[in-house]
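The values are calculated or read from the model by the stated rules, or taken from the named source; none is laboratory data. Note that the coordinates shown come from a computational prediction; the quantities given were computed from them, not determined experimentally. Counting neighbours? That spans all protein chains shown, and the Cβs are built from the backbone with ideal geometry, glycine included. Just so you know, the surface numbers come from the protein's heavy atoms only, side chains and all, with ligands and any DNA or RNA stripped out. Shrake-Rupley method; radii C 1.70, N 1.55, O 1.52, S 1.80 Å.
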Amino acid sequence: MISVASLIVLSCYPAALIIAAFNDLYEFKIPNWVSILLIVSYFLSAIFLLPPPTAMFESLMLSIGALIVGFILFARSIIGGGDAKLFAASVLWIGFPGFAVFLLNMALAGAFLALFLLLFRKTPALPIYAHAPWLLRLHQRPRDIPYAVAICIGGLLSFQETLYFQLVFGG
């Protein structure tokens with residue numbers, strides 16, 4: 001039987017990803033509390049869902065590896081610090097079995113996002129952008145990509161691959 005508490009903690013993952021994506025889209029920033037929420041809710045979910053300890057350990061190690069790679073990419077100015085933290089926190093939820101699918105979904109979403117932004121930024125800024133400052137920022141920052149959008153899409157498309165999702169809904 002599915003408990004309400006397990007559904008609440010399970011819903012933190014997609015909710016946090018969506019919040020991060022919109023915040024990155026609007027402000028080119030991902031608040032630290034979003035990544036913290038993902039981490040805390042992951043471990044809180046373990047209380048309700050009782051995953052195998054080995055699976056949690058694998059996810060934790062994979063997430064630490066993702067954080068290290070993310071900070072290397074951040075140090076080389078390839079991605080933002082918020083993107084690195086969000087990616088690592090998302091990987092914690094995804095775990096080893098769904099990692100390849102997550103990476104593929106995220107990479108495809110990132111490619112489409114980059115292509116869209118390239119085309120969007122080649123068009124002249126429209127007067128209506130003055131009424132939506134986030135659109136103007138998105139248009140005027142040619143080197144920046146709100147990659148939390150791609151992480152969000154990749155994470156949402158891969159959500160059913162997570163151990164916790166399968167523990168709640170069967171897999």
Original post:
For the chain, what relative contact order do you get, as a whole percent, if you take Cα pairs closer than 8 Å and at least 6 residues apart?
Top reply: 34
Subject >> Rough spin-label spacing in nm, given labels placed 7 Å along Cα→Cβ, for ILE72 and ALA125 >> reply: 3.8
Original post:
For segment 1-46, with every protein chain kept in place, what is the accessible area per residue (1.4 Å probe, Å²)?
Top reply: 50
Original post:
Once both labels are modelled 7 Å past Cα along the beta-carbon direction, what's the PHE22-ALA5 spacing in nm?
Top reply: 2.9
**OP:** Answer with one residue from LEU38, SER3, PRO133: the one whose Cα lies farthest towards the positive end of the charge dipole of the chain, charges on Cβ with Lys, Arg +1 and Asp, Glu -1.
**Re:** PRO133
**OP:** Would you kindly derive the ³J(HN,Hα) couplings of segment 116-126 from the backbone phi angles with the Karplus curve 6.51 cos²θ - 1.76 cosθ + 1.60 (θ = phi - 60°), listing them in order in whole Hz, with x for Gly and Pro?
**Re:** 4, 5, 4, 5, 4, 7, 7, 7, x, 5, 8
Subject >> Helix 53-75 axis, angle to the chain major axis (alpha carbon atoms, nearest 10°) >> reply: 20
**OP:** Kindly provide log₁₀ I(q)/I(0) values, in the same order as q = 0.11 Å⁻¹, from the Debye equation applied to equal alpha-carbon scatterers of the chain.
**Re:** -0.47
Original post:
Which residue, SER11, SER45, SER63, tops the fluctuation ranking in a GNM of the chain built on C-alpha contacts under 10 Å?
Top reply: SER11
Original post:
Within a Cβ distance under 15 Å of LYS122, other residues only, what is the Lys/Arg minus Asp/Glu net charge?
Top reply: +3
Original post:
Once you sort the root eigenvalues of the Cα gyration tensor of segment 1-102 as a ≥ b ≥ c, which label holds: rounded (a/c under 1.5), prolate (a/b larger than b/c) or oblate (the other case)?
Top reply: oblate
Original post:
Which loop trypsin sites (Lys or Arg not before Pro) in segment 4-107, with loop taken from DSSP, have no more than 14 other Cβ atoms within 10 angstrom of their Cβ?
Top reply: LYS29, ARG76
